[in-house]
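To start, the structure under review is shown below, and the notes come after it.
The values are calculated or read from the model by the stated rules, or taken from the named source; none is laboratory data. As the structure is a prediction and not an experimental result, all values here were calculated from the model. Note: ideal-geometry Cβ built from the backbone for every residue, glycine included; neighbour counts use all protein chains shown. SASA here: full protein model, heavy atoms, side chains in, ligands and nucleic acids out. Shrake-Rupley method; radii C 1.70, N 1.55, O 1.52, S 1.80 Å.
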Amino acid sequence: MNDQYATLKGIIFALLSALASTTAGVATKVVADAVPISMVVLFQYGICLLILIPLLLKHPLHNWYTKHPVIHAVRGISGWLCFFTYYLAIQHIPLVDASLLRNTAPLFVPLFVWAWLKITIPGGAVAAYYCWLPGYSADLATGR
């Protein structure tokens with residue numbers, strides 16, 4: 001596979017992923033009053049499991065071994081909590097605000113990593129956060 005094809009394939013998968021998550025968010029907003037959020041999350045996890053079953057069956061169990069089960073468990077549980085709270089937020093706030101929160105989550109990850117690992121933050125990164133955070137906060141506070 002050449003680099004240009006791989007880049008195009010990556011772009012297509014990124015767009016399809018954004019389309020799928022947006023569609024799931026809109027569908028959740030539509031059914032949020034009639035169906036419990038826990039049922040929505042269970043249904044989505046069930047669909048993902050059905051998609052992964054061929055991969056799980058193709059590779060023996062010993063290929064899924066990890067030397068860091070606690071870290072993987074914490075990552076899995078925190079991912080589930082983020083997923084669940086995102087759909088819970090969709091039920092109570094405008095969809096655009098929930099999407100804004102979800103799409104900016106990767107910007108908060110470095111803050112947690114820097115705090116957890118006690119890494120010195122480069123000055124440029126600190127300046128970028130100080131410029132970004134007030135605008136982001138003001139956008140959420142407008143209460144559209």
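Residue-by-condition table, conditions (1) among the charged types (D, E, K, R); (2) under 17 Å from the mean Cα position of the chain (by Cα); (3) surrounded by 10 or more Cβ atoms within 10 Å (Cβ to Cβ); (4) in a helix (DSSP H, G or I):
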| site | (1), (2), (3), (4) |
| --- | --- |
| VAL41 | no, yes, yes, yes |
| VAL74 | no, yes, yes, yes |
| PHE83 | no, yes, yes, yes |
| LEU101 | no, yes, yes, yes |
| PRO106 | no, yes, no, yes |
| VAL113 | no, yes, yes, yes |
| ALA128 | no, no, yes, yes |
| TYR136 | no, no, yes, yes |
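Which one of these is under 26 Å from VAL109 (Cβ atoms) and in a loop (DSSP other than H, G, I, E, B): THR66, THR23? Break it down stepwise before answering.
Details: THR23 fails: in a loop (DSSP other than H, G, I, E, B).
Every option except THR66 fails the conditions.
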Qualifying residue in the stretch 116-127 (condition: of a type outside the set (Lys, Arg) and closer than 27 Å to ALA24 by Cα): no
Index of the failed condition, LYS58 passing every other in (1) surrounded by fewer than 10 Cβ atoms within 10 Å (Cβ to Cβ); (2) within 18 Å of PRO94 (Cα to Cα): (2)
Criterion violated by VAL35 - all others in (1) in a helix (DSSP H, G or I); (2) open to solvent by less than 70 Å² (accessible area, probe 1.4 Å); (3) not aromatic (Phe, Trp, Tyr) satisfied: (1)
Residue satisfying condition, being within 26 Å of LEU15 (Cβ to Cβ) and among the aliphatic types (A, V, I, L, M), within set ILE77, ILE47, ILE37: ILE47
Residue list for the stretch 85-144, restricted to those being farther than 16 Å from SER21 by Cβ and in contact (Cβ under 8 Å) with a residue 60 or more places away in the chain: GLN91
